[in-house]
Each structure stands twice: as structure tokens, then as C-alpha cells.
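The values are calculated or read from the model by the stated rules, or taken from the named source; none is laboratory data. What you are looking at is a predicted structure, and each value in this text was computed from that prediction instead of being measured. Quick reminder, even Gly has a Cβ in these numbers, built from the backbone with ideal geometry, and neighbours come from all protein chains shown.
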Amino acid sequence: MISELFTAQVLLGILTSGIRLATPYLYAGIGETFGQRSGVLNLGVEGQMLVGAFAAFYVARKTGNLWLGVLAALLVGALMGLAMAFISITLRAKQGISGIGFFLFGLGLSDLLFQTLLGSVQTVSGFRPLAIPLLSKIPVLGEVFFNQNLLVYGAYLLVPIAAFVMDKTTFGLKVRAVGENPEAADSLGVNVSLVRYITVTLGGMLSGLAGASLSIALLNVFQQNLTSGLGFIAVALVYFGGWRPWGVLAGALLFSMVNALQLWVQVLGLPIPSEFAVMMPYVLTIVALVVAVQRVRPPTALTKPFIREG
Amino acid sequence: MMNSDAPAVLPSGKPRIERLEMLGITKCFPGVRANECVSFDVGAGEVHALLGENGAGKSTLMKVLYGLYRPDEGEIRINGRPVQINSPVDAIRLGIGMIHQHFMLVPSLTVAENVALGLPSSRGPLTDLDRVSERVVELGKIYGLHVDPQARVWQLSVGQQQRVEIIKALYRGAALLILDEPTAVLTPQEVDEFFVILKQMVRDGHAVIFISHKLHEVLAISDRVTVLRDGMVVGSQPRGEMTKADLARMMVGREVSLQPEKPVLTPGRARLEVHDLWALNDMGVAALQGVSLSVHSGEILGLAGVSGNGQRELAQVINGLRPATKGQVLLDGKDITTTSTAELIPLGSAYIPEERMRDGMIKDFTVAENLILRDHHRPPYARAGFFDFKAIAEVAAERIRAFRIKTPSQETLAKNLSGGNIQKIILARELSRDPRVIIAAQPTRGLDIGAMEYVHQRLLEERARALQAERKEGAAILLISEDLDEVLALSDRIAVMYEGRIMGILNRAEATPECLGLLMAGVAPGVAEEAVPAT
């Protein structure tokens, strides 16, 4: 029964799929981290992921080139990010509401394109596992960590890069300043709007990539509402991770492991209702948020449009 | 011998601004002419004070100089050469630094990060915080502005934060400093230290524009004074023989009584008593730690202190807006510690809150609605749940007249009025009810001299109600203020608050700015005598 879960083979399976499943959380969560650190809450991540996932899938299928699919996802993600930036920064719309609008837009658009261009659920031959020489030969762990596909590696590589950019570069300093006290940054000649446009567009690109990682690397299929809430969890992970890339990594792993666990519970046919198992990540989201939000303070200017007072 | 052709250099190694001129600056906003043909100049080694009421155009003029606004007409010249200043970046490049009244610092970043923000780095895209830190320490040594570059700004005192602001400007090569109300948040001792540093900077060849409404400070530090009124220069002259009264008259355009008349009264019985009061602030930290005080009928008790030491929480507990964790509040002997705000109103308490725009009124309500807000559900304003608009209009009209509220109509939205008139609405609402206890928190903050004079008069009238035959006793007034001049001018006794405790309560006669300043900085009286040699 329950003890079936705790065999070495199953635990390794959970670990391997947990590592894989963290990929979309990482791309989307890190992108959202940049946006939020600069003061913009983008709730439209889910929509951007869906459109990115479709674009990657469609282009990869039509051209047979997975990298063109990745490029397409980055491109449409950037466009959606730019649009979000325009609405929330230039037009100063309420970010929560416009983000929900973007989600619905992405949901509808990806489904419309799916219905008209594909018509039925199809598959694509996605990124294949790429064993890293030597490292993948490490007993047990080699298989778990170093025999994944390129988009998975990329997601983990992104974490230290993002942390470095945030903490050690002049651009990262501007992002942090703009999210905490845009007036101060403005008075020192920092272009507040430009910084926010960059972070939100970057966030859109990474959300698109997160979608692509689902449709052409992890699941290799596209269907209606492929992401089913992943993007919203990614936004929650940013809070959970205290607006830090390493924190997002910790949160992403926690959630993906729980997800992997619930998949294995279903595979093994354990006597736990599958509805309950599927619910677990979402329950965890709520619990984690309640705990996390009391621990760290969000960027002071989060969701506040910047207006140079007259 | 000095070569007069060589550009003179400041201690920071940057070139001086020998003369900066703003000529014929005009700046209009829709419906308002904020600056009209204003000319202003300042030279190296000089403090030029810019004085004026709220809305006189000081800020506009300085924002033009700092590149935040573009003038409609006029010219700016540095060392005789016309310059274009289209953004703060241009201003900084030309050697102009501005210290804003509300510090432009990012609290979560370190001092070095705040200094480095927005500047190119010697390491390209990577930050060079080690180099920045070295330079911060170096500038600190040269100018006497010591501050730890690794400290996070939120950990610093207000005085230290101001040093960071100045270092930020000097780091960028500022030869001219614009100081906007720089002393507003400092204790008297911090002001003295600040002036010492400022005078040294001026001696070293910096030029300083000093914006303030504290007349004695203007007279203490400036070489020249320019007064703006309604967007125009009404006077510009060397400090020379000018007095506070001269400056006030120029600012307001009429005679102003700087020292309100205060008849001698014998205080009556204690109306407001606070015993060993404890309360938490919004963060859950003890903001009040055993506060005890009493205010008597016909008395103004001034509560001095740097803001954030528990004054706000004290006012809220007394008015039933924040629970006490321990202790007692008595109004005319009756325990009101757990009495709700609604139940307090009929007992005769009046509250003039610190955040007048947020807590004192509803911005999107009309003047009339704001005037009756406290009693809106009671007769004569409402009967059986329905408003009596005629009664409301009559009372509003009467109060607008009595308190000289300048408003186009009763139906004008309160947010469209000036700060002074908004405060008059609050005064009219609170004082028309013949209160027994008045809590006035920062009642003149941000008001101009004319409005300030009016508020002071009204508070003194409430204090003196005992003198009027038909009323039995004067109100007990707790005046919470950061403005020491105000506290000294109005109070009968002065309490000083520091970190949630009362540091001491002095009679007006024995209170001086110096001893109050020490108490405000948390130095206990016994220690104070040892710490400060008798001079």
C-alpha cells in the first residue's frame, strides 16, 4: 500500500520527474521575479505560457525544428510581455485586473489557434534527454540530474544567472531600486519606465519559454488549457521565494516534487482518491503563500504605477 | 600666487560653480502661473535662502533648475554660459545636486548601493560597490559626513540618512546643493551639526540654495534671502539687518503675529489622564511603554519628539482607534480605555489627526459633508435615517463663515481645497462641538504661516474658554508636534516622548530648545547635565 511509495525505484522516479516538472515553474517564476522586483505584478503569466506553448508546438511541428519552436515561443512571449508593459506602465492600468485579462486572452487565443490550425490533439517529437558525459554516469544521481533534456538544464542554469544579474549588476541594482522607491531612482536619472518595460518583456519571454518547455520538451503535446494553473502557481512561487531566484528554485522543487508524488500515487493505483491527489499542489500553494507572506516583505512599489508628481 | 584662470576646485576634486543664474523664469500649469518672470542667482561660497508660502512657487522654481520641469520662458546660465537642463541627469552632469525634503533613498539597499544607483560602473555591467564604498568613506572624511557604506539605509537614523543624501550629491560632483526643507525632520542638535557641516562646505566653495519656512534658521545660515509670493519675487536682499518679522511680512503680504498672545490662566482639574499606558504599533512592537501624563482644563500640554516615537499610537489609543495592552485613559475621571470611538464622541473628545488628508476627512466628499461627518447620523442632520439637507446646509454655511474657510461652495469636493482650508474644515468640525479634550496631532504641519497663525489662535481660544462667562471650563489640549517652535509658543507644559516613553515633563518657563532637544534624542535629564558642559 503506502509502503509501495517508499521503494528506491519509486523514490528515484519521483525525484527524476520532480526535477523535470520544475522546469516551467522556474522559467515563469524567474521571469515574474524580475517583473515584481521592478514593481510590476504580471498575473497574465498563465496566458503568456499558453500562447508560448502553442507557438512552440505549432512551429516545431510545421518545420520539424525544435529550436525554431523555442524562438517562436520567445517571440510571442516578448510580444505579450510588451503589451502587458504598455498597459500597466504607460497606461497605468490596475495590474491585477489587466493580468487576469491577459490570462483570459492567452487562454482564448491559444485555444482558437489550436482549433483552427490543428483541430485535434497531436504530438510532436520533443527535446530528448541529453546525458552529460561523466556526470550522468554517477550511480543513481547521474540518472536523476544529468540525463535530462536541454530545456531542463537551461531552467536550472537560469537560477544562478538571474541571482547574479539581480545582485551584482548595475541593471539588477536599478531593478531593485525601481521596485522599492521609483521616485528615488527617477531623481538619480534612472529611467523607471524603461527598466520596467525590460523586466516585464523579459518576463513575457521566459513565460513563453516556460510554455514551450511543456509543449515540446516535457509533454510533447498541445491541448486546450495545457498549463492548467501552472502559471498562477509560478506567480505564487515568487511570493513564496521571497522575490529571490534561489527562493523560487526552492519553491519550484517543492511543488514539482509534490506534483510528481501525486502522479506516482495515481500510477501505482494507491487507494487515495485521484481528485485528492491532484488537489495537493494547489492546497500547498495556499498554505505556502500564507506562511511565506508573513515572512518577507514584497517590493514596496509592487503594483504601483509610477507618476512623476507635479 | 593663485592663477585666476585655473578653474577653482572643490575638496571633492570637482569644479566649482562660480555663479548660477536663473533669468526671467516663467512656468505655467493649466490655470496656474506657478512662476512669473522669476530671476534668482547664487554663487560659490554663498547660502541663498528661498522663502515662501506653500504654493508660492519655490518647488516649481527648483524643479525647473533640477530638470524636472521645463520652463515656458527664461534662461539658466552657469558661469555666464547658457545651459539646457532637460532632466535630472543634465542637472547632475552640470554639478547641481538636490536634497529632497522626503529623502530619495531606497531603504532596502545599502548606502553604497544607493550612492551607486544610476551611475555608470567602472566594471561595465557589473557593479563596483567596493570602489564606491572607498569613495564614500573618503568623502565622509573630507566633509565630516561619516556613515558606514555597508549599512542598509533603513537601519540609519534620520540624521544619518541625510548625510547619505549629501554624500550622494557630492559623489556625483555637486558644486551647487539645493536643500529643500532640510531641517524639517531633525532634532535641534542634529540641526546644529548639520549647519556646522553646511558652513564648512560653503567655506570650501560650494554654493547652496536653502529652502525653509523656519525663519530663524534662514536667518542663521543664509547670506542672502529671496522671498517668493504667488509665483513672483517680492524681495531679494542680503540677510543684513532683516528680522523674522520682516521675512514673515514679505511672505504673507501683511503683518503676522509670530508669537501668539497667550493670556495667563490657572489650569483647572485634570480632564485627560493617562496612566502607565502600553500599546503595540502596526508591526506588533511595543510603541508605548508605560506612558503617563495628565492634561488639565485650560491647559495646553505640548508633546514634543521626533516622529515615530509613539506619538501617533498615543493619539490613536486615546481616541479609541488602537487597543491598549496595559494601562488606563481617563476622561473627566471616567475610564475610556476600551471605549470605542463612536462612544467617545458624545463624551466631548475632539481629534485633529496627523494625517489630515487620510484620517481627518474624506477627499471625495463635499465640504458640507466633511463638516458634519462626526454627527451625520444624529439630529439635526439626520432623522430616522434620512438626511435633513436644509439643516446640513445651514450648519455648513455657518461653520464656513465662522472658521473663514475659503471654498467656492459647500458642494465643492474637499480635495480641491488647499491644505490650510482642509485643516480649517477639520477644526470647524471638531471644535464646534465644545470639546472637553482636544488631541491635536501635528496641527500645522505643511501649512503656511497665515494658516498656521489661525490654527494657533483657535487652539488658544479653546484653551481660554474658561474666561468666557457662559462656559464653565476651558478645554484640555494635548498638542502633539514635531515643530519645537510651535510647542514652545503654545504650551503651558511640555512633555518629551522618546521610544514610547515620556522622557520628562517641563514647565514652559524651564524649557529651552537645547534641553528639549536632548530629551528628544533620548538623553535623560541627569545625564544631560553631565554630557553638556555649562557654557
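A compact table of results
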{"item": "Check on A:A217, within 14 Å of chain B (Cβ to nearest Cβ), crowded, with 23+ Cβ neighbours inside 10 Å and part of a helix (DSSP H, G or I)", "result": "no"}
{"item": "Residue match in region A:299-306 (condition: farther than 19 Å from A:G44 by Cβ and among the charged types (D, E, K, R))", "result": "no"}
{"item": "Residue that is modelled with the lowest pLDDT [pool: residues in region B:409-456 that are touching a Lys or Arg at 6+ places or on another chain (Cβ under 8 Å) and of a type in the set (S, T, N, Q)]", "result": "B:S418"}
{"item": "Test: residue in region B:348-364 that is more than 23 Å from the chain's Cα centre (by Cα), surrounded by fewer than 18 Cβ atoms within 10 Å (Cβ to Cβ), free of Cβ contacts under 8 Å to residues at least 60 places away in the same chain and under 23 Å from B:L447 (Cα atoms)", "result": "yes"}
{"item": "Wholly within region B:53-146, helices (runs of 4 or more DSSP H) carrying at least 2 residues that are without any contact (Cβ under 8 Å) to a residue 60 or more places away in the chain and touching a Leu at 6+ places or on another chain (Cβ under 8 Å)", "result": "B:88-93, B:111-116"}
{"item": "B:I17, sole failed condition from (1) buried (at least 20 other Cβ atoms within 10 Å of the Cβ); (2) out of contact with any strand residue (DSSP E or B) (no Cβ under 6 Å at 6 or more places or on another chain); (3) touching a residue at least 60 places away in the same chain (Cβ under 8 Å)", "result": "(2)"}
{"item": "Pairs with Cβ under 7 Å, 6+ apart, first in region A:154-173 and of a type in the set (S, T, N, Q), second surrounded by 15 or more Cβ atoms within 10 Å (Cβ to Cβ) and part of a helix (DSSP H, G or I)", "result": "none"}
{"item": "Flag for B:G159 being more than 14 Å from chain A (Cβ to nearest Cβ) and either in contact with a Leu (Cβ under 7 Å, 6 or more places away or on another chain) or part of a loop (DSSP other than H, G, I, E, B) (or both)", "result": "yes"}
{"item": "Residue check, B:A34 in a loop (DSSP other than H, G, I, E, B), in contact (Cβ under 8 Å) with a residue 60 or more places away in the chain, within 30 Å of A:V192 (Cα to Cα) and not aromatic (F, W, Y)", "result": "no"}
{"item": "Residue in region A:133-140 that is over 17 Å from A:G204 (Cβ atoms), in a helix (DSSP H, G or I) and among the polar types (S, T, N, Q) present", "result": "yes"}
{"item": "Neighbours by Cβ (under 9 Å, 6+ apart or cross-chain): first from region B:399-417, in contact (Cβ under 8 Å) with a residue 60 or more places away in the chain and within 21 Å of B:R458 (Cβ to Cβ); second in a loop (DSSP other than H, G, I, E, B) and of a type in the set (G, A, S)", "result": "none"}
{"item": "Residue pairs meeting the criteria (Cβ under 7 Å; at least 6 apart or on separate chains; first more than 7 Å from chain B (Cβ to nearest Cβ), in region A:181-192; second of a type in the set (A, V, I, L, M))", "result": "A:P182/A:V192; A:P182/A:A301; A:D186/A:V192; A:V192/A:V178; A:V192/A:A185"}
{"item": "Region B:445-454 - residue that is in a helix (DSSP H, G or I) and under 15 Å from the mean Cα position of the chain (by Cα) and, of those, farthest from B:I352 (Cα to Cα)", "result": "B:I449"}
{"item": "Where B:V233 falls short, out of the listed (1) in a helix (DSSP H, G or I); (2) under 22 Å from B:Y66 (Cβ atoms)", "result": "(1)"}
{"item": "Which listed residue is touching a residue at least 24 places away in the same chain (Cβ under 8 Å) and surrounded by fewer than 22 Cβ atoms within 10 Å (Cβ to Cβ), from A:L66, A:L26, A:L50, A:L74", "result": "A:L74"}
{"item": "Residue count, region B:268-301 (criterion: touching a helix residue (DSSP H, G or I) at 6+ places or on another chain (Cβ under 9 Å), closer than 25 Å to B:L459 by Cβ and not in a strand (DSSP E or B))", "result": "3"}
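Residue-by-condition table, conditions (1) touching a Pro at 6+ places or on another chain (Cβ under 8 Å); (2) more than 30 Å from B:E138 (Cα to Cα); (3) more than 14 Å from chain A (Cβ to nearest Cβ):
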| position | (1), (2), (3) |
| --- | --- |
| B:L23 | no, yes, yes |
| B:F40 | no, yes, yes |
| B:A49 | no, no, yes |
| B:N54 | no, yes, yes |
| B:R77 | no, yes, yes |
| B:Q84 | no, yes, yes |
| B:P107 | no, no, no |
| B:V111 | yes, no, no |
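For (1) surrounded by 15 or more Cβ atoms within 10 Å (Cβ to Cβ); (2) touching a residue at least 60 places away in the same chain (Cβ under 8 Å); (3) among the basic types (K, R), each residue gets a yes or a no:
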| site | (1), (2), (3) |
| --- | --- |
| A:V221 | yes, yes, no |
| A:W246 | no, yes, no |
| A:L261 | yes, yes, no |
| A:W264 | yes, yes, no |
| A:S274 | no, no, no |
